[in-house]
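Just below is one structure, and these are the notes that go with it.
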Amino acid sequence: MSDTKTFLITGVSTGLGRALARAALAADHRVVGTVRTAADARAFEALAGDAHARILDVTDHDAVGRVVAGTEHDLGPVDVVVANAGYGHDGLFEESSMDDLRRQFEVNVYGTVAVIKAVLPYMRERRSGRIIAVTSMGGLITMPGLSFYHGSKFAVEGILETLGKEVADFGIHVTAVEPGSFRTDWSGRSMVRAPRSIADYDELFEPLRARRVHGSGQQPGDPDKAAAAVLRIVAADRPPTRLLLGTDALRLVRAGRDAFERDMLAWAELSASTDFDDVSRSA
């Protein structure tokens, strides 16, 4: 790929998507950014640089295909796709509905997959491309009250890791970007909160929900620095399969992996006991 690239970034109205779009434009890349409203489209195209807005709901899979095909036809090859659009569902498992789960997966999983599937045939034909999806440290570790959100991000993590192995021979690199807590509107406008109904969970959950609400705008992560980090992996010859962003993500994911390692070792004998005897003797 040349130094100047065409990016397709979903969800550029706010947050990390907006920061990444600005950084890419400042680096003289072309950016096609998806938004939800005409007002957001006008605001995005008013940014300095080669900015092109497309109104898109990523849950409309036919529309996703049309946007990608139109971009390829009108503006040229998409070199980098960043599936960023998504939202958080804040709610206890027992208090959240099946409709809540369905909506969470429709946007965070199916929307992400639809965007990547639409771009992939073009990249495969060209034998080049960068596929990036913004997941979360919550795709690797869990916290109470975010079960549906974690489920969606764990699903994307597994899909991306598998996809990366499938397309590696085509010159296509796949990276999951896993932010920690960043100063965006994730816990504000981009968060849906399930109503409370079961008092048994008050002691556990109320302080956590209050911390998420009142901590919005005080998170340690800088979206502009996150955008710079993503541009670095776009330029790398061998980008990572996963990129954690933020010291909190490093700390919490490391602690989660250590806990898994302890459990695995503590129960290794029981795990190994489930093979047929002849397999066990030959191991």
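Pick out, from the stretch 224-283, the helices (runs of 4 or more DSSP H) lying fully within it that include 3 or more residues that are touching a residue at least 60 places away in the same chain (Cβ under 8 Å).
247-266
Identify, by number, the condition in (1) modelled with pLDDT under 95; (2) open to solvent by 80 Å² or more (accessible area, probe 1.4 Å) that Arg254 doesn't meet.
Unmet for Arg254, out of (1) modelled with pLDDT under 95; (2) open to solvent by 80 Å² or more (accessible area, probe 1.4 Å): (1).
Go through the residues of the stretch 268-275 one by one and say whether even a single one is open to solvent by less than 80 Å² (accessible area, probe 1.4 Å), under 22 Å from the mean Cα position of the chain (by Cα) and of a type outside the set (D, E, K, R).
Within the stretch 268-275 (the criterion being open to solvent by less than 80 Å² (accessible area, probe 1.4 Å), under 22 Å from the mean Cα position of the chain (by Cα) and of a type outside the set (D, E, K, R)), the answer is no, since none of the residues qualifies.
Kindly indicate whether any position in the stretch 124-132 is surrounded by 17 or more Cβ atoms within 10 Å (Cβ to Cβ) and charged (D, E, K, R).
Yes, some residue in the stretch 124-132 is surrounded by 17 or more Cβ atoms within 10 Å (Cβ to Cβ) and charged (D, E, K, R).
Against the condition of a type in the set (Phe, Trp, Tyr) and open to solvent by less than 40 Å² (accessible area, probe 1.4 Å), how does Phe93 come out, does it pass?
no
Six or more apart or on different chains, Cβ atoms under 7 Å: show the pairs whose first residue is in the stretch 157-175 and at pLDDT 95 or above and whose second is part of a helix (DSSP H, G or I) and charged (D, E, K, R).
Partner pairs satisfying both residue conditions: Val167/Arg124; Phe170/Arg124; Ile172/Arg124.
Given Thr162, Thr112, Thr142, which one is buried (at least 24 other Cβ atoms within 10 Å of the Cβ), closer than 23 Å to Ala249 by Cβ and among the β-branched types (Val, Ile, Thr)?
Thr112
Mind checking whether some residue in the stretch 76-86 is part of a helix (DSSP H, G or I), in contact (Cβ under 8 Å) with a residue 12 or more places away in the chain and under 18 Å from Gly17 (Cβ atoms)?
Within the stretch 76-86 (the criterion being part of a helix (DSSP H, G or I), in contact (Cβ under 8 Å) with a residue 12 or more places away in the chain and under 18 Å from Gly17 (Cβ atoms)), the answer is no, since none of the residues qualifies.
Scan the stretch 58-78 residue by residue and report those that are over 15 Å from Lys5 (Cα atoms) and of a type in the set (Gly, Ala, Ser).
Result: Ala63, Gly65, Ala69, Gly70.
The values are calculated or read from the model by the stated rules, or taken from the named source; none is laboratory data. Computed from a predicted model, the values in this text were never measured in an experiment. Note: ideal-geometry Cβ built from the backbone for every residue, glycine included; neighbour counts use all protein chains shown. Please note that ligands, DNA and RNA were not included when accessible areas were found on the heavy atoms of the full protein model with its side chains. Shrake-Rupley method; radii C 1.70, N 1.55, O 1.52, S 1.80 Å.
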